[in-house]
Ligand SMILES: Cc1cc2nc3c(=O)[nH]c(=O)nc-3n(C[C@H](O)[C@H](O)[C@H](O)COP(=O)(O)O)c2cc1C
């Protein structure tokens, strides 16, 4: 019975994300639908001359293959990968880049409701969850950053990531995973956190449809010059 109630709560939450889907948008939405229309938002920033730039793909996802809550659409998986990780790997197949995960110092709990509570508390208390990262992202010219939308905003750990590093003069290319909120206004949040960087509007991908996003991702990367 408890499990059914928990699943109903998750469903209600996801429906509410979907219903509020456009509320936080920047107005520059990308397409992640199955028709794979070209993403209209990104200006070609990394043309041929920029191809030699050092690129890092960095992503955060609370779930990994060991901890993902497979029953919940809130942490959808593609094979063994979380949706954010799956897209990072797709990008990695198409762009000559290093890749690194932002790993939370304190793992997010299961079940999903507990993780959701923790994420909400972090946001309400304006916390800065700490993390480890195998590389120094300041060593790169272009930083492709992937993360899920959490409670309509950047996860606080991603906020901490941007406050930890100075990306002045660099190019930041975000992509977001979501259940209806698309970028949730987070590209603007990043612009505020990194005012001296060139922060491009990125690609918003429905987590549920991550497994079908390959063409959207390729088209988006082509538009960016990759
Ligand atoms: C704590 C939490 C909060 C979420 N908040 C939102 C939200 O505000 N808007 C939205 O569209 N999706 C929200 N989602 C759904 C996720 O963004 C989406 O399922 C994403 O694909 C999860 O990425 P992952 O599979 O890498 O964990 C939330 C998920 C979690 C776990």
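Taken together, the values in this text are just the output of simple stated rules run on the coordinates, not laboratory data. These numbers were taken from a predicted model, which means no experiment stands behind them. Note: ideal-geometry Cβ built from the backbone for every residue, glycine included; neighbour counts use all protein chains shown.
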* Asked: Rounded if a/c is under 1.5, else prolate if a/b is larger than b/c, else oblate: which is region 163-226, with a ≥ b ≥ c the root eigenvalues of its Cα gyration tensor?
  -> oblate
* Report the label-to-label distance for residue 127 and residue 53 in nanometres (one decimal), using points 7 Å from each Cα along the Cα→Cβ vector. => 3.5
* To do: Let me know the shape class of region 90-226, please: from the alpha-carbon gyration tensor, a ≥ b ≥ c as square roots of the eigenvalues, rounded when a/c is under 1.5, otherwise prolate if a/b is greater than b/c, or oblate.
  => oblate
* **Cβ crowding within 10 Å averaged over residues, with 136-149, 199-212 ranked highest first** => 199-212, 136-149
